[in-house]
Amino acid sequence: MREDLTERLIHALQQDGRTSYNDLAAQLDAPRNLVSTTVRQLLETGQIRVVATAASAATGAHVLAHVALRCSPHAAELITRLQEQEDITLVSAVSGDHDVVVEIRSPDLASLHEALRRIRTHETVSTAAVTLYHRVVKSAFSTHPSGDGKLDSTDIALIELLREDGRRSFNDLASRVHLSPTAVRGRVHRMQEAGLLRISALIPHTPQSGRIKVGVGLSLSGEDEDAVASIAAMPEVEFAAEAIGRFDVIATLNSSDAAEIAGRLEELRSIPQIRHMETWMHVRTHKEDYSQPLKGGD
């Protein structure tokens, strides 16, 4: 019961990291005290982090790429260097045909090319296979503005505070930006509703976390809209994107239950439009930070 509640709480917080304990309890049909205790334990033990992500229009990151690297066995210095680069949001050691995967968010193709050049020239890198994300279909850390995407200096200050802790109270936020809690609540809700801000639970992945994280690259044929929708609907799929390059779709599955992951992989293999599937196990995620700093405001 407790393990099942934990998994359902994580999924709920990935949808909205600021959901109140009362709403979580009602949503999951669980006692409020148990819900609040479980969420606090998840946060205090580092099993999840709740962070804010601004829309790409606000961060200036319009080009997203997945890069799979083959490296020499002595790649520790490379991994450290990759973690230090602001435009790299994910650095993960993996098993399979490659050794490390990274995700890059760049303002344009020229900037992406420069980022790839820096990676390829490192002495431990033998090959770098690049896939561009054409459209992010599912992600707890992706949002798209429905309006003009403009943010003022107070909006930016609030987002920066929520990047550090997405569950900061409105009272705390208000004291830091010198507004009333009601005004802050209105600003945060406005940014969320306009697609300028997403607040979600991030699941750190290490060998000690008890999580199983699998990357999947898929080649499709024929009419693929139904296949993409089926992939995105799987609860274990925390990320899915239509892509250009090695794969037509790249997805990430995450669960504490190995049987669930195995079952979903078999389910993927049964989708008629999927003609080829390649998988890789994330052994240790060294960096996962989609909350890039903003580029400015009014």
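The values are calculated or read from the model by the stated rules, or taken from the named source; none is laboratory data. The shown structure was predicted, so the numbers you read here are calculated from the model rather than taken from an experiment. Cβ sites come from the backbone with ideal geometry, for glycine too, and all protein chains shown count toward neighbours. Remember, those area values only see protein heavy atoms, side chains included, never the ligands or the DNA or RNA. Shrake-Rupley method; radii C 1.70, N 1.55, O 1.52, S 1.80 Å.
Miscellaneous remarks
- Listed by first and then second residue, the pairs linking a residue in the stretch 136-161 that is modelled with pLDDT under 90 and among the aromatic types (Phe, Trp, Tyr) to a residue that is part of a loop (DSSP other than H, G, I, E, B) and surrounded by 17 or more Cβ atoms within 10 Å (Cβ to Cβ), with Cβ atoms under 6 Å apart and 6 or more places separating them unless they lie on different chains, are PHE141/TYR290.
- The stretch 252-272, residues that are open to solvent by less than 40 Å² (accessible area, probe 1.4 Å) and free of Cβ contacts under 8 Å to residues at least 60 places away in the same chain: THR252, LEU253, ASN254, ILE261, GLY263, LEU265, LEU268, ILE271
- Verdict on VAL51 being surrounded by fewer than 21 Cβ atoms within 10 Å (Cβ to Cβ) and touching a strand residue (DSSP E or B) at 6+ places or on another chain (Cβ under 8 Å): no
- Here THR45, THR37 are screened, and the one residue that is free of Cβ contacts under 8 Å to residues at least 24 places away in the same chain, open to solvent by 80 Å² or more (accessible area, probe 1.4 Å) and β-branched (Val, Ile, Thr) is THR45.
- Boolean, SER95 is polar (S, T, N, Q), at pLDDT below 95 and at negative phi: yes
- Across the stretch 62-75, not a single residue is classified as under 30 Å from LEU196 (Cα atoms) and over 20 Å from the mean Cα position of the chain (by Cα).
- Any hit, the stretch 196-208, residues being touching a residue at least 12 places away in the same chain (Cβ under 8 Å), open to solvent by 30 Å² or more (accessible area, probe 1.4 Å) and more than 18 Å from the chain's Cα centre (by Cα): yes
- For the stretch 215-230, the criterion of being within 21 Å of ALA12 (Cβ to Cβ) and either aliphatic (A, V, I, L, M) or assigned to a strand (DSSP E or B) (or both) is met by no residue.
- Checklist (1) surrounded by 13 or more Cβ atoms within 10 Å (Cβ to Cβ); (2) in contact (Cβ under 8 Å) with a residue 60 or more places away in the chain; (3) under 20 Å from the mean Cα position of the chain (by Cα) applied to GLU164, failing item: (1)
- ALA25 meets the conditions (1) in contact (Cβ under 8 Å) with a residue 12 or more places away in the chain; (2) open to solvent by less than 20 Å² (accessible area, probe 1.4 Å); (3) over 21 Å from PHE141 (Cβ atoms) in every case but one. The failed one is (1).
- Every residue from the stretch 92-122 that is assigned to a helix (DSSP H, G or I) and open to solvent by 20 Å² or more (accessible area, probe 1.4 Å): LEU109, ALA110, SER111, HIS113, GLU114, ARG117, ARG118, ARG120
- Of all residues in the stretch 65-84 being open to solvent by 30 Å² or more (accessible area, probe 1.4 Å) and not in a helix (DSSP H, G or I), the one that is nearest to VAL101 (Cα to Cα): ARG70
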